[in-house]
Structures are given as C-alpha cells and as structure tokens.
1. Enumerate the whole-percent occupancy of each 5 Å bin, from 0 to the last occupied one, for all C-alpha pair distances of the range B:277-355.
2. Please list, or write none, the aspartates and glutamates whose alpha carbon is within less than 18 Å of the alpha carbon of residue A:107, excluding same-chain residues fewer than 8 places away.
3. Of all beta bridges DSSP finds with both residues in the protein assembly as shown, what is the antiparallel percent, to the nearest 5?
4. Between residue B:23 and residue B:315, what length comes free when the chain is fully extended (0.36 nm per residue of separation minus the Cα-Cα distance, one decimal in nm)?
5. Given chain B, what percent of its DSSP beta bridges are antiparallel, to the nearest 5?
6. Mind giving me the nanometre distance, one decimal, between the label points for residue B:521 and residue B:611, set 7 Å out from Cα along Cα→Cβ?
7. Report, as an integer, the average count of C-beta atoms from other chains found within 10 Å of each Cβ along B:247-258.
8. Past 21 Å, Cα to Cα: identify those pairs from A:86/B:335; A:80/B:431; A:86/B:588, in the order given.
Amino acid sequence: MGAVNFGYGISAARGMDLDRNDLGPAREIADEVPEFRACIACGGCTATCTAGNLTSFNFRMVHTLVRRGEYAGAYREMNKCMLCGKCRLVCPRGINTRGVVMQIKRKLGDY
Amino acid sequence: MDGLTFYSGFVVPFIVGTSVLFAVIVYKYVRWFARLPRRDKLSVRRGMFSGATVAAAWECLMESLLHRRIWRVNPALGYMHTSFALGWFLLIAVGWIETVAYLGGRFVPLQGHIFFKYFTTELQHGPRWGVNFEAVMDLLLLYVLSGVALALFKRLRSRAMGMRRTTQLRMGDRVAMASLWFIFPMRLLAESFTSGIHGSGGFLTGGLGGVLATVVPAGVMPIAELGAWWGYSIALGVFFVSMPFSRYMHIFTEIPLIFLRRWGVRGEVGREKSFDHFQLEACSRCGICIDPCQMQRDGGMTGVQSVYFIRDRRYNRLSRRMADSCMACGRCEAKCPVGLELDTLRVGSRYTLNNTPSNDRWAYARGGNGRSDIAGASLPSETAQVGYFAGCMTLLSPRILRAMESVFAAAGEDVWWADREGGVCCGRPMKLAGEVDAARDMMKLNEELFRRHGITTLVTSCPICLRVFREDYSLRGIEVLHHSEYFQRLVAGGRISLKAGSERLTYHDPCELGRGCGIYDEPREVLRAVGELAEPSETREEALCCGSSIAGNAIGGVAQTLMGRAVGRAFEATGASCVVTACPLCKKALARGTELPVLDLAEVVERHLMTAADSK
Ligand code: SF4
Ligand code: SF4
Ligand code: SF4
Ligand code: SF4
C-alpha cells in the first residue's frame, strides 16, 4: 500500500471483476431468453427506445452490465421501460428484448 | 299398494356420490358467485327477469345438450359430446316419465328412478300410455354406448378423429374418466341380468338378458345380477365424487356460465376475477383451441395452447412461461365452443404473476408540476380539431408517417401531432404484459395530454393504441378513429378522391383491429376503390396473426419468423402482387415473412391520392 498513487488506477466505481461477480442470475436470464447470448451490444435498442427518448434510460448499457454480472440498479432502471417493443423490431439479432426487460425485473428485483 | 320397496345395499355408493357431488357443486358456485363484484350482481338481478334468461335457457339447450358449436367444428367430436349429454339427459328424463307412467303420482326416491329396472320386476311389463318404454330406454342406452365406444376409440387413436391428444391426465381426470366409461356398460349388464331372470327388457337388455340366461347357470344369475348392479352403482358413485375435481365439471358449469354471461357478467381484462372460475371449469378440454393456434401450427411451440393454460390455471400450477406464451391473437377464442374469454383469462394471469407496483415510474415524463415535459405536450397553446397519435410502432415506420402527412394535407385537415417528437407509449403493451398499474399511469398521462390540446377526434395508425384508447381510456368528447376508418370517411365525404387502379392486392387483418375492434370493412372498402382485392384462405374473423404480436412476451425470434413465413405463404397463394395491412407492427412482421412488398393502408392511399392535375 506504500506505493505512490499516480492517479492512473481504475476507479473503484467502474471496476468490474468478472471472477467475483455472481453470474448465476445473468445465466438464468439468458436461459429464459436464449437469443440474448447473441447480443452484439450494437445499441440499436437504445437508439430507438421510447423511454430513452424521454430520459437517460439506456437499455443497452443496463443489459450489457447485467450480462457481466453487474446488477446494481438494473431493476430500478428497467422500470422506466414501457415495454413498447420498438427495440425488438430493430434488434439485428432478433432478440426478444421485452423478454429481457421482464426477466431482469423478475430476477434482479433484490439488487 | 304395489308393495315395492326402493332400497337395496347397492344403492349406497350412488347415494353417497350424488350427495357429495351436490354439496361440492353448490359450495363452489355459491362461493364464486358471492365473490363477484357488486356491479355484476346488480346486472344479474336486472337480467334475471328479462329476455336474457329465455335466451340463456335456449343456449343451454343448444350448447350444453346438443353441442351445436362443437358439431360445426368437428362432427365426430360433436356426436360424442351429444351422445353423452343428450343421451344421458334423456335417459334420466324419459326414465322419470317411465316411472310416472308405471307408478302414477306415487313418491319414488331418487334411487328408485335410477335403478328402476331392478326394483320393479314385479310390475306388469309391456307398453304404457301406448309407449314401449323398455324399447325407448334401450335405444337411448344404445345411443350413449355408441358415444362411449367413440370416446374409447378417440383415446386410442385421437388423430383418427382429427384431434390432437389434449392432455396428460391428472389423477382426478383419470378416475373420473375410467368410472364414466364403466357406467353405461355396467348399466347394460345389470339391466340385462335382471331382464334375463324375469324375462323382461327391450330389444337390447332383453336380448342380451336372454343370451346371458342361456350361458350363465341359473343358480349364479341372481348373484351376477346383484354384482352388476353394485358395479353400476359404484361406477356412478365414483364418477360423481371425482367429477367436481376433474374436467367433467364442465358438464354442469357451462350452464351457470351461459346464464351469467347472458346477464352481462364478463371477465375483467387485465385482472383475475371470481367469474373466471366459471370459465375455467366450463372448459371441457375438447382441444378445439389447439389447431387454430399458430404457435402450434407453425411456430413449433406445443403444450402452451389455451387448453393447457386453462388446465394449469385451474389446478394452480400455472407457470410464468405458460402465462406469457400466447399472442392473445384471439384465434382460439373465436373457435372455442364454450365461448370462453381465452385472451382475457391469459392476460389476467399475467397480472397475478407479473404486476409490480408502479412506484411513480413515469415521473420523468410528467415533469415538475405534474405537467408533461415531453415534446408536443409542452405546447399547450397548440390546439386542433384532430389529433394524430402515431404510436411507438408507427414512429418506427417513417413511410407511414409521411403518408399520413400527405393525406392530412390533401384533406386540408388541421392536425396536432401528439407524439411526433416522442411520446409515452399507449400503455397496452404494459397491460398485456400484466403490469396493469404502470399501464394505468401511462394512460392517465396520455389522457391529460389529449385533453390539453382540445381535440375532438383522435386518429391513430396503430390498432394496438386504438384498442386501448377505446377500451381503457376515458376520452369523453373525443372520437377515436383508426386511420382506416378515417380514410373511409374522407373518401365517402368527398374530402379526398382516390385513383382507381388494376393492381391485385391482398389484405391482412391485424388481430387487434379485426377480432379486437371489429373493423373489417373500412380498410377493404378503401382498397376496393384503388385495386382488386384478393382474400387469403383464412380471413376476417379467421385471419392469421402476423406472429409478432406485442402480447407474445415469451415467444422467441425463431418462432416469430416461422409464423411470419407461414402467413407470408398464405398471402403469396392469393396471387396478389402486394400485401396491404393496417398496422405498423404487422407490416414489419409480414415484411420478414414474404418476398412480396408489404404496405400500410396509409401508403396505398397516399399513392392513389387524386391531385388537381389528375382530375383535369
Ligand atoms: S439491438 Fe439487439 S443486439 Fe443490439 S444491443 Fe440491443 S439487444 Fe443487443
Ligand atoms: S420496450 Fe422498453 S427498452 Fe424497448 S424500446 Fe420500448 S421502452 Fe425502450
Ligand atoms: S378452451 Fe374451449 S376450445 Fe379449448 S379445450 Fe376448452 S372448451 Fe375446448
Ligand atoms: S390466443 Fe392465439 S396464440 Fe394464444 S393460444 Fe390462442 S391461438 Fe394461440
């Protein structure tokens, strides 16, 4: 700990330790909506999002974090979704994105 | 007196079974009825002394006894149901008359009617009132037995009757079904033994009795006779006890269901309700709802159709996957012979499983002082007669928006665009997902928005929005129109004129517009004005779903694509050069399923708008 801190460290808030994260819930979600594994994080869903149009809600960010086991705040964020289904129509991987929203809400209510 | 007694040890199972059946049924019905909301009870009270009661009685006769609607779908299945229902009913009714014919007004206990043959061997046989009752009763028994034979055959080879095997049976069903199959063969045997001993009986029981008397030693006959009557009574008793816990509960439950429905009681869209019990237990598990379902037919999703859903919900084993795997397309509902509100039941279960408290979720859309900050809405000064709500899906289809713009311009309409710069969803997708509380909030937001702009007509291009505006919004003073209705009025009123063409078009009925809102003719009228209309084989009330319904919460991309392709093939078979629909979601879904161009009605109208140059 005696090392000099030059200010180049990864800030704690953004640090993501995939070995420590509990990927169980992420896996359960992907099991319910198997296409979700094929997401390329293109952001099409966010670009078209009805809720994202009105607020800072960013669907791609939340579901990408969820896939990596970062669940904090995901449930609260998902409550902004209106389930309108636009994202599902634009998704190039044909993912049931509404299903993903609903699964995140079901499985991550405690985080 | 005639010295008849109507008691023997073997009647006990029957008496016990009947008492249990009666007690359970009364308990269930009274409980369900008591839990109906006051509004429903009032409408029952009002309906009871009106023509609705007569209509209900007639419907009971046609459906519960004759099963007319099942006949229409599948005659073999219709015969089976009728032979049990009508045959058994007549056996009881004619049996009653027979008792009176032989014994006059004398009191006869229940078991005396049911086991009439056994208790009245000392009576003079032969016709009464000029009617050969023995022959009539034998004929009826034969009729029911033919149904039993058919039912057995169906169990063994369900495909042969054009039906799918409906269910793996539960315990209650298994017991009830087995005992039901025993009832009538045992009755035949019991009556035949008695006839054989006393030389009575009609062509069937007398004939079989004669044969039995020759093959069975005379000493054994009375023992065999009593054994057969015991068997008959036990089969009846077991069936009656298991009936309320099996699918056969539908036999009785269809009757209160029909009456309640005629008196104006309905399920509540979006929530479970006590009335649902009547619907769930009136399902005969006939399986007619399986074949029309495209999830089954084209999407490769089996085991989630309405019959399975109803079974699981009735026995409290409903999974979320089951509740969510349905497009609420209404195709099965249109075919269900019992007329169950299958969409309503499914969506209601989603509420129970999925609804989460709203938590003021849409505060961001409401802005600081309860006013919405969303674009368009923040310009309360802008008012117009006509408001146009594109809906999320239309916003994804700029061509439809452009077409609407052209049509509004051609008609000289002063329009306020409600959600062009982004708005809140109509709320129906949320509602169909079971999140009724959150949906309610969104609806309020939009209601306020519409009111603020002083519109008197609200036009939308999206049937999903249309339906929720009509069914759930309170928009007094604002007429809600789908753009197809709006176009039809513009044309009829001479506000726009369309150029006739010769193109062969085919039209896809969106579920929410057709079965949902009953709008079939307006879009067709507009299309006939601009081209030749070719109908696909399944159309109007029977139209296919595009496969991408917003209600399909748990339907994967593969199933959607498979269903979309199947619909596409149906349109290609019409020989049309273009598929027209009137829903932005259907348009996108169909475009994935066919090579043909897919247009929204608005685009077609735009293309055929008569301009000043044309009319010269
Ligand atoms: S549009 Fe589809 S593939 Fe792209 S980020 Fe969203 S979910 Fe993933
Ligand atoms: S369904 Fe939800 S996440 Fe998808 S576009 Fe609509 S509001 Fe955004
Ligand atoms: S829901 Fe209707 S069609 Fe389906 S099995 Fe039940 S009664 Fe038959
Ligand atoms: S509503 Fe449509 S998708 Fe749902 S079970 Fe019935 S036919 Fe199938």
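The values are calculated or read from the model by the stated rules, or taken from the named source; none is laboratory data. None of these values were measured; they are calculated from a predicted model. Ideal geometry is used to build each Cβ from the backbone, glycine not excepted, and the neighbour counts take in all protein chains shown. SASA here: full protein model, heavy atoms, side chains in, ligands and nucleic acids out. Shrake-Rupley method; radii C 1.70, N 1.55, O 1.52, S 1.80 Å.
1. Going from the shortest bin to the longest, the percentages are 3, 17, 31, 28, 17, 4, 0.
2. By straight Cα distance, residue A:107 reaches A:22, A:28, A:31, A:32, A:35, A:70, A:77, B:324, B:435.
3. Roughly 10 percent of the beta bridges in the protein assembly as shown run antiparallel, per DSSP.
4. Using 0.36 nm per residue and subtracting the Cα-Cα distance, I get 103.1 nm.
5. Roughly 10 percent of the DSSP beta bridges within chain B come out antiparallel.
6. 3.4 nm
7. Counting Cβ atoms of other protein chains within 10 Å of each residue's Cβ and averaging gives 0.
8. With Cα atoms farther than 21 Å apart: A:86/B:335.
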